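Enquirer: Please find one structure pasted underneath; my questions will follow.
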Amino acid sequence: MKTIKLALVLLLISLVGCAQQPTKPIPETPRIDIALPEPLKLDSIKWVVITKDNYLDILNSSENKKGFVFLVALDEEGYKKLSLNHTKVLRYIREQNSVIAAYKKYYESKTKK
């Protein structure tokens, strides 16, 4: 019985001690003005399809140009992977834009209250 009374007294003291703690006001969420970046302005690239029938013509025409000329080639599998990677990058950018828009909406709604 004494242990129950002691436990009740300790519980009461702990509850009273918690009640006397001053509460701190919640600070306002700071307004974040983030301007979206300008859209990309990419330079155009000239793609040339080289086949076994036209590779000599391409090579001869590239020798007539100024500067260093080199050729980069992909087989069918490499081109598919390049296309898939491009698609993955575009998907990732769209997802990041959605995350940024959600954060912006969240912070703007907090500052309006």
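Enquirer: Those residues that are modelled with pLDDT under 85 and exposed (fewer than 10 other Cβ atoms within 10 Å of the Cβ), I need them from the range 50-93; list them, please.
Expert: Scanning the range 50-93 gives Asn60, Glu63, Asn64, Lys65, Lys66, Gly67, Phe68, Phe70, Val72, Ala73.
Enquirer: Moving on to the next point. For Glu63, are the conditions met, namely being over 20 Å from Lys46 (Cα atoms) and acidic (Asp, Glu)? It would help to see each step written out before you state the result.
Expert: Numbers: over 20 Å from Lys46 (Cα atoms): no; acidic (Asp, Glu): yes.
The answer is no for Glu63.
Enquirer: Does Ser44 satisfy the condition of being surrounded by 10 or more Cβ atoms within 10 Å (Cβ to Cβ), without any contact (Cβ under 8 Å) to a residue 12 or more places away in the chain and more than 20 Å from the chain's Cα centre (by Cα)?
Expert: Values: surrounded by 10 or more Cβ atoms within 10 Å (Cβ to Cβ): no; without any contact (Cβ under 8 Å) to a residue 12 or more places away in the chain: yes; more than 20 Å from the chain's Cα centre (by Cα): yes.
Criteria not met by Ser44.
The values are calculated or read from the model by the stated rules, or taken from the named source; none is laboratory data. The model shown is predicted, which means the values in this text are computed figures rather than measured ones. Ideal geometry is used to build each Cβ from the backbone, glycine not excepted, and the neighbour counts take in all protein chains shown.
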